[in-house]
Structure formats: C-alpha cells, structure tokens
Amino acid sequence: MSELGLGEVINDLRKKIYDIKLDLDQLGGPIQDMPELITSANLLRSNEHLTKVSEKQSELISAYEQYSNSLEDITKTIFGIQNDLKNLLKEQSKLISDGKSKVSTPKKKKISKRKPSKK
C-alpha cells in the first residue's frame, strides 16, 4: 500500500463528521419567536441561528468530501494491489505450465528378463 496512513485519515474524518453532526443536533431547530421582543429582534435571532446551522452544514459537507476522497484513494490502492496480484498469478501459472512442458518424464525402458538357460 502506497500510503499506510489512509486508515488513520479516514478514522479522523469519521470522528470529525460525528462531532459536526453532534454540534448540528445541539443547535436544534429554529428559534421560536418571543412575544416580548419586537419582530426585528426575532428576525436577528433567527438569522443568527440559521447562520450557525449553515456554517456547520458547510463543515459537514467539507468533511464528507475529504472522507469520500480518502475512500477513493484507498479504493484505487486496493484495485492496484488486486491488479498486481492478478498479474503475478498469471506469470506464475505461465511459469508452472512452461516448466511442466519442458520437463518431460523419462520413458521407462523395457527390461527383458533373461530366460533361465537349460543345461
């Protein structure tokens, strides 16, 4: 494998995705209007909430993109290894079949048994 650290990168990204999702869940739903505040104050609070949610969603998308790219790198590496192994097996099979055809089993010579001589 060309990069052994890819597993660590994926684990780090998985943790980052989990943390961002947790942050998003903690933000909760939209903030309810408070009747004692004027409309513009309620709109400001709502806007702040939406801004935080938007930032976290952008972070989440970025983390998923990095995670996806890391998985693609690992997949390419695995397919490369698979291809190398397939080629190696083909070469070994060819060597084995070539070796069998070159080494022929010696033919047995017929040994004639002597007949006992009559005296």
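The values are calculated or read from the model by the stated rules, or taken from the named source; none is laboratory data. A quick note: this is a predicted structure, and the numbers were derived from the prediction, not measured. Cβ atoms come from the backbone with ideal geometry, glycine included; neighbour counts cover every protein chain shown.
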Q) In the stretch 38-63, how many are polar (S, T, N, Q) and surrounded by 15 or more Cβ atoms within 10 Å (Cβ to Cβ)? A) 1
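Looking only at residues in the stretch 31-69 that are of a type in the set (Gly, Ala, Ser) and more than 18 Å from ILE20 (Cα to Cα), which one is nearest to the chain's Cα centre (by Cα)?
First, the residues of the stretch 31-69 that are of a type in the set (Gly, Ala, Ser): 40-41, 46, 54, 58, 62-63, 68.
Restricting the remaining residues to those that are more than 18 Å from ILE20 (Cα to Cα) gives 40-41, 46.
Values: SER40: 50, ALA41: 49, SER46: 41 Å.
Going through the qualifying residues, I end up with SER46.
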Q: Evaluate the following for ILE96: is it at pLDDT 65 or above, farther than 30 Å from GLY5 by Cα, of a type in the set (A, V, I, L, M) and within 55 Å of the chain's Cα centre (by Cα)?
A: yes
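Determine whether GLU48 is closer than 30 Å to LEU6 by Cβ, out of contact with any helix residue (DSSP H, G or I) (no Cβ under 8 Å at 6 or more places or on another chain) and modelled with pLDDT of 85 or more. Steps first, answer last, please.
Numbers: closer than 30 Å to LEU6 by Cβ: no; out of contact with any helix residue (DSSP H, G or I) (no Cβ under 8 Å at 6 or more places or on another chain): yes; modelled with pLDDT of 85 or more: yes.
For GLU48, the condition - closer than 30 Å to LEU6 by Cβ, out of contact with any helix residue (DSSP H, G or I) (no Cβ under 8 Å at 6 or more places or on another chain) and modelled with pLDDT of 85 or more - is not met.
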Q: Hey, could you check the stretch 34-80 for residues that are assigned to a helix (DSSP H, G or I) and of a type in the set (Val, Ile, Thr) and say which is nearest to LEU13 (Cα to Cα)?
A: ILE61
